[in-house]
Amino acid sequence: MSMPSEQLMRVAIQARDKSFDGLFFYGVITTGVFCQPSCSARLAKPENLRFFPTIECAMLAGFRPCKRCQATDGTPRVARLVEVARHIEEHANERLTLASLAELAGLSPSRLQRVFKEAFGVSPKAYQDAVRMRHFKQSLKEGDSVTDAIFSSGFGSISRVYGEATRNIGMTPKAYRAGGAGETITYACRTTALGLMAMAATDKGVCFVQFGENETSLISNLEAEFPKAELSTSPAQDAPELDAWMEALNQHISKGAPRPDLPLDMRGTAFQMKVWKFLLSIREGDVLSYSEVAKKIDKPKAVRAVASACAKNRIGVLIPCHRVLRGDGSLGGYRWGLERKRALLEAERDRLAG
Ligand SMILES: [Zn+2]
């Protein structure tokens with residue numbers, strides 16, 4: 001599951017380098033599609049790229065395979081399964097049987113069920129539901145009535161969609177449509193090698209990752225950051241996506257797995273956004289000083305403002321503000337304590353050495 005460095009992946013995509021095909025996949029958040037490095041499609045803006053080690057990770061993160069490059073891991077079997085996935089996308093509002101999909105793939109139904117799940121992490125049925133849910137959300141955002149959205153997305157019955165919708169987005173469809181007014185943020189806590197971690201997400205992505213001594217103080221931090229939002233705690237079974245993200249981040253923190261490339265919902269001033277986006281580009285094992293960061297973002301005099309933007313980072317570890325140090329090499333500050341900063345940097349150094 002290890003990928004080339006992010007910088008190398010970006011270069012490979014720029015060069016459409018075929019030798020990287022199969023080594024990683026990239027998704028484009030504006031189109032929701034994922035590609036192989038050599039794809040001939042128009043290059044997306046760098047900030048819209050997300051990287052995945054496998055097709056499964058890309059599909060689980062909600063990306064669809066690109067039609068142009070037929071992103072597969074090079075094996076004909078996966079190519080065939082991608083065709084099945086595409087067929088499901090194109091006929092998501094129809095009733096699809098496992099038998100008909102199996103015929104399309106030239107496999108027995110039970111075998112299709114198994115290999116599809118192996119390749120993409122979900123069953124064909126769950127994949128169809130996910131596609132419908134995407135259409136449904138889209139339709140609501142475009143202003144369709146709840147009833148129209150239900151039928152155009154192929155759910156067919158109100159009870160079906162209410163069941164699905166509450167499971168997937170934690171709100172009833174009406175509440176979702178009014179989302180701009182009272183935003184709902186789901187959160188959960190879990191223990192990591194750095195202590196208790198809280199992660200919270202909007203429907204756009206992770207908006208909060210913080211560490212603390214107990215759940216109460218973490219939740220009050222979350223409330224302070226998002227005073228107007230409605231906060232809802234989400235046990236794993238109600239928020240499988242959030243749970244999967246927490247697990248991926250915990251694997252990174254506690255077991256040294258690559259930093260997961262999760263969708264982020266960053267909110268800040270134009271300057272803060274600039275700093276945070278730059279921090280995302282600092283590679284594991286590299287450290288910069290506050291003044292170096294200031295120079296890199298063409299604001300050489302804004303050293304203090306850079307330090308303050310780092311201190312205001314709400315999304316710990318995923319936005320690696322711990323890779324910025326004082327000019328003299330000392331640790332500087334860290335919102336979640338210098339012990340954690342030191343532990344993160346040491347772990348990254350060890351990984352690189354090993
Ligand atoms: Zn492509």
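The values are calculated or read from the model by the stated rules, or taken from the named source; none is laboratory data. As the structure is a prediction and not an experimental result, all values here were calculated from the model. Note that we place each Cβ from the backbone using ideal geometry, even for glycine, and neighbour counts take in every protein chain shown. Just so you know, the surface numbers come from the protein's heavy atoms only, side chains and all, with ligands and any DNA or RNA stripped out. Shrake-Rupley method; radii C 1.70, N 1.55, O 1.52, S 1.80 Å.
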Just how much of LEU23 is accessible, in Å², when a 1.4 Å probe is used and the result is rounded to the nearest 10? 90 Å²
Protein chains only, probe 1.4 Å: how do LYS45, LYS228 rank by accessible area, largest first? LYS228, LYS45
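Could you put LEU218, LEU43 in order of accessible surface area, largest first, with the 1.4 Å probe and the full protein assembly present?
Correct descending sequence by accessible area is LEU43, LEU218.
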With the crude spin-label approximation of a point 7 Å out along Cα→Cβ, what separation in nm comes out for GLU47 versus ARG111? 4.8 nm
Using a 1.4 Å probe, how large is the accessible area of HIS135, given in Å² and rounded to the nearest 10? 80 Å²
Environment charge of PHE226, counting only residues whose C-beta is closer than 11 Å and scoring Lys/Arg +1, Asp/Glu -1: -2
Please report Rg (one decimal) and Dmax (integer) in Å for the Cα set of region 270-353. 11.8, 36
Using a 7 Å offset from the Cα along the Cα-to-Cβ direction at both GLU213 and GLN138, what is the distance between the two label points in nm, to one decimal? 4.9 nm
With every protein chain kept in place and a 1.4 Å probe, the residues ARG10, ARG68, ARG314 fall, from largest accessible area down, as ARG68, ARG10, ARG314
Heavy atoms of LYS204 accessible to a 1.4 Å probe, total area in Å² rounded to 10: 130 Å²
